[in-house]
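Worksheet: the structure to be examined is printed underneath.
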Amino acid sequence: MAELVERDDSVVAGLLAKLKDPDTNLPAKYRILFSLRGIAGPAAHAAMLEGLKDPSALFRHEVAYCLGQRQDPAAVATLKQILKDEAEHPMVRHEAGEALGAIGTEECLSAVRQHVQDPCQESRESRYYSVDPTPAAPAATPLPQLRSSLLNEEEAIFERYRAMFALRNRGGSEAVEALGASFAAQSALLKHEVAYVLGQMQDAHAVATLKSVLEDERENPMVRHEAAEALGAIADTQCIELLRKYATHSEPIVADSCIVALDMLDFEQSGSFSYADTGAAAGGEAAALQPAAA
């Protein structure tokens, strides 16, 4: 289980009250969630579950992710319910599958395997990343071979992930170009993971590709979400302008992703120690972009 700290229940109650306050904007909810994630005990767990009632699918997906990070078996029943809920957003269901994999009990893995024939692609493919840990392909593998494996639609998704991680570890413009070419793939799960690793690389050569993904109205919102976060990680002038532009987009997941990415960027530039250290409402530009509660 992840290392958690003890806090008085009054602290958790205060965070929960703010989380449920309709005037609390999305960046502030993220800060509260990250605070709750690190607090031990059933009160913090119950407070996190309240976040699954939030209207933002992006936030609900982040709650599922945090439940997986805590590795608390108390979350298993809830995560199993999310995974099988066909009315839930596919991105949230996928994250619930990954969270079950992170907790890793046989009950969790069995639940994920049951969705191997799920009509929802995101849920069906969750098993590849949550049940089967994916090591990078050997470092000595030639880059053309890694590229070929990543782009081969007939290749097992496990092997495509191995190639993806090896390209991330390799770095450089050729690796970035190979990763970017995979956005033509059929699998939204693979593409969203590619966007994530491009953000990890923080290579400006990826900006044009990530820009195209964020702007593509036909692309899965889960993939556009990761592209926004990756642009926030690279954080050059063009990236920031794109995030500002799409922070008012009509697709809520896209807009919310840009709002949170801008807020996290504000935090990093402020020199503050921990994004979760207060749970106060986010200030600055990102907060101003957050729509007022209806």
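State whether the range 171-218 is rounded, prolate or oblate according to the following rule on the C-alpha gyration tensor (a ≥ b ≥ c being the square roots of its eigenvalues): a/c under 1.5 gives rounded; otherwise a/b larger than b/c gives prolate, and the remaining case gives oblate. Working shown, then result.
Values: a/c = 1.76, a/b = 1.41, b/c = 1.25.
It is prolate, given that a/c is not under 1.5 and a/b is the larger ratio.
Which part of the range 242-263 falls in the paramagnetic zone of GLU215, meaning amide N under 15 Å from the point 7 Å along Cα-to-beta-carbon?
242-247
Could you give the accessible area per residue of the range 200-265, probe 1.4 Å, as a whole number in Å²?
Computed with neighbouring chains in place, this is 39 Å² per residue.
How high is the relative contact order of the range 22-68, in percent, counting Cα pairs under 8 Å that sit 6 or more residues apart?
Relative contact order of the range 22-68: 33 percent.
Using only Cα atoms, what is the ratio of the radius of gyration of the chain to 2.2 N^0.38 Å?
Compared with the compact-globule rule of thumb, the chain sits at 0.99.
List the residues, sorted by chain then number, that are 5 or more residues from ILE39 or on another chain and whose placed amide H is less than 5 Å from its amide H.
VAL5
Can you work out the Karplus-derived ³J(HN,Hα) for every residue in the range 244-260? Use 6.51 cos²θ - 1.76 cosθ + 1.60 with θ = phi - 60°, whole Hz, and x for glycine or proline.
These are the phi-based 3J(HN,Hα) values: 4, 5, 8, 6, 10, 5, 6, 7, x, 5, 5, 4, 4, 5, 5, 4, 5 Hz.
With every protein chain kept in the model, how would you rank SER148, SER274 by accessible area, 1.4 Å probe, largest at the top? Spell out each step's value before the answer.
Numbers: SER148 70, SER274 35 Å².
Descending order: SER148, SER274.
Where does the Debye-calculated log10 I(q)/I(0) of the range 137-229 sit at q = 0.23, 0.24 Å⁻¹, using only Cα point scatterers of equal weight, no solvent?
Log10 of I(q)/I(0), two decimals: -1.14, -1.24.
Using the Karplus equation 6.51 cos²θ - 1.76 cosθ + 1.60 (θ = phi - 60°), what ³J(HN,Hα) coupling, rounded to whole Hz, does each residue of the range 226-235 give in order, writing x for Gly and Pro?
So the J values, rounded to whole Hz, are 5, 5, 4, 5, 5, 4, x, 6, 6, 6.
For a quick check of understanding: with a 1.4 angstrom probe and all protein chains in place, what accessible area in square angstrom does ILE39 have, to the nearest ten?
Estimated to the nearest 10 Å², ILE39 gives 10 Å².
Can you give me the distance in nm between label points at GLN81 and ALA208, each placed 7 Å from the Cα along the Cα-to-Cβ direction?
Result: 4.9 nm between the two label points.
My understanding is that a pair violates if its Cα-Cα distance is over 31 Å; which of LYS84/LYS211; LYS20/LYS211; LYS80/LYS211; LYS53/LYS245; LYS29/LYS84; LYS191/LYS245 do that in this structure?
Long pairs (Cα-Cα over 31 Å): LYS84/LYS211; LYS20/LYS211; LYS80/LYS211.
The values are calculated or read from the model by the stated rules, or taken from the named source; none is laboratory data. Computed from a predicted structure; not experimentally measured. Positions of Cβ are backbone-derived with ideal geometry, glycine not excepted, and every protein chain shown enters the neighbour counts. The protein model used for the area step is the full one, side chains on, heavy atoms only, and it has no ligands, DNA or RNA in it. Shrake-Rupley method; radii C 1.70, N 1.55, O 1.52, S 1.80 Å.
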